[in-house]
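Everything below concerns the one structure shown next.
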Amino acid sequence: MAGIYQFDTIASYNDFNNHETLHPLVSVIDFGNAKPRSWDGNTSVKINYGFYTIFLKDVKCGDLRYGCNYYDYQEGTLVFVAPGQVLDVETDGKVYQPKGYGLVFHEELIHGTALGNAIKDYHFFEYKAYEALHLSERERQVILDCFAKINFELQQAIDKHSKKLIVSNLELLLNYCVRFYDRQFTTRENVNKGILGKFENILNNYFTSDEVHEIGLPSVAYCADALHLSANYFGDLIKKETGKTAKEYIQTKIINVAKNRMYNPDSNINEIAYELGFKYPQHFTRMFKSETGYTPSEFRALN
């Protein structure tokens, strides 16, 4: 059985979790105080959140599954959901007691603030469920401390300082998450290098396949999808491993393939452009000169 739950306001989500609404735009929730759940007997549930959501899942939530992937809760897991995203939850249909903590905040809370302008830079809100952040015990405590500071402000009477202090602590929390994700990219270096190798193979195969004529130039989204990663997680991983954005890496690959093909004096430059997926040869010429400092014709003459 499948069910759909829609939460558009912080208050409605607080009610669902048996939590008092102290502020209409932000809340820190202890799921241990929520009523036991059965999701109305559904074993597959879709939840649509109308606000930003951060879950700190407790190890006792290991009987839950998100999408087709089980989480490793041994050290705790942070899950990030952006407004409008749908989270798939699978259970065994039995009644269970939720555990863990959550921070939810409406985008109206950060309108007109520096965080409001920078929120799109926190790419992990667009990661897939299985790209969640796995925390050490010390990192988990840092997150809980940030939750506690925000909750402390929510317990006070709202005054002219409330928004600034809440948003400042929220930004501090997100910046810690950036640091912890950087640590996760580093500690999973061997896995990441495997992904980098697969990325290279995808590009190598792409330029010898029919897809180049059907799709055109390979995109970051295409490569991420082929690797079963979200575009944002894939982009951040490539940046961490190579120092280049995924788009820059693809462009460098295109130029290298083009250079190899131009060593064949029988190859027409316009034909090479079409073979690489460019719709117009002048676009190829522009990119080539931007990357190398030479037009394709000048490069061929020099080599």
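The values are calculated or read from the model by the stated rules, or taken from the named source; none is laboratory data. It should be emphasised that the depicted structure is a prediction, and the values quoted were computed from it without experimental measurement. FYI the Cβ positions are ideal-geometry reconstructions off the backbone, even for glycines, and counts take in every protein chain you see.
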Problem - Condition met for Gly216 (in contact with a Gly (Cβ under 6 Å, 6 or more places away or on another chain), in contact (Cβ under 8 Å) with a residue 60 or more places away in the chain and surrounded by 13 or more Cβ atoms within 10 Å (Cβ to Cβ)) - result: yes
Completion exercise
In segment 1-48, anything more than 27 Å from Ile110 (Cβ to Cβ) and in contact with a helix residue (DSSP H, G or I) (Cβ under 7 Å, 6 or more places away or on another chain) is listed as Met1, Gly3, Val45
Practice task
Just need a number here: residues in segment 261-303 that are in a helix (DSSP H, G or I), acidic (Asp, Glu) and over 12 Å from Gln251 (Cα atoms).
Solution key: 3
Practice task
State whether the residues of segment 201-208 include one that is hydrophobic (A, V, I, L, M, F, W, C), farther than 28 Å from Val81 by Cβ and touching a Lys or Arg at 6+ places or on another chain (Cβ under 7 Å).
Solution key: yes
Exercise for the section: Please tell me if Phe207 is at pLDDT below 90 and crowded, with 17+ Cβ neighbours inside 10 Å. Expected result: yes
Problem - Selection status of Tyr176, more than 30 Å from Ile272 (Cβ to Cβ), surrounded by 13 or more Cβ atoms within 10 Å (Cβ to Cβ) and not assigned by TED's automatic domain parsing to the domain that holds Tyr127 - result: no
Handout entry: Test: residue in segment 233-240 that is farther than 30 Å from Leu56 by Cβ and at pLDDT 90 or above
Key = no
Handout entry: Pairs, first closer than 22 Å to Tyr127 by Cα in segment 87-99, second among the charged types (D, E, K, R) and at pLDDT 75 or above, C-beta under 8 Å, six or more apart
Key = Leu87/Lys46; Asp88/Lys46; Val89/Lys46
Fill in the blank from the handout: Filtering segment 164-210 for residues that are touching a Cys at 6+ places or on another chain (Cβ under 6 Å) and β-branched (Val, Ile, Thr) leaves a count of 1
Exercise for the section: Of the conditions (1) surrounded by fewer than 17 Cβ atoms within 10 Å (Cβ to Cβ); (2) under 18 Å from the mean Cα position of the chain (by Cα), Ala132 clears all except one; give me its number. Expected result: (1)
Problem - Ala273 vs. criteria at pLDDT 90 or above and touching a Pro at 6+ places or on another chain (Cβ under 6 Å) - result: yes
Exercise for the section: Would you please name the residue that is surrounded by the most Cβ atoms within 10 Å (Cβ to Cβ), looking only at residues in segment 1-24 that are in contact with a Ser or Thr (Cβ under 9 Å, 6 or more places away or on another chain) and of a type in the set (A, V, I, L, M)? Expected result: Ile10
Practice task
Find the residue count for segment 26-44, including only residues that are of a type outside the set (S, T, N, Q) and either outside the structural domain of Thr77 (by TED's automatic domain parsing) or surrounded by fewer than 19 Cβ atoms within 10 Å (Cβ to Cβ) (or both).
Solution key: 8
Handout entry: Filter pass, Leu237 being touching a residue at least 60 places away in the same chain (Cβ under 8 Å) and either in a loop (DSSP other than H, G, I, E, B) or not assigned by TED's automatic domain parsing to the domain that holds Tyr122 (or both)
Key = no
Handout entry: Residue match in segment 189-205 (condition: without any contact (Cβ under 8 Å) to a residue 24 or more places away in the chain and in contact with a Gly (Cβ under 8 Å, 6 or more places away or on another chain))
Key = no
Practice task
Would you check if there is a residue in segment 186-205 being farther than 26 Å from Gly293 by Cα and not in a helix (DSSP H, G or I)?
Solution key: yes
Exercise for the section: Go through segment 265-303 residue by residue and tally those that are among the aromatic types (Phe, Trp, Tyr) and over 18 Å from Glu214 (Cα atoms). Expected result: 3
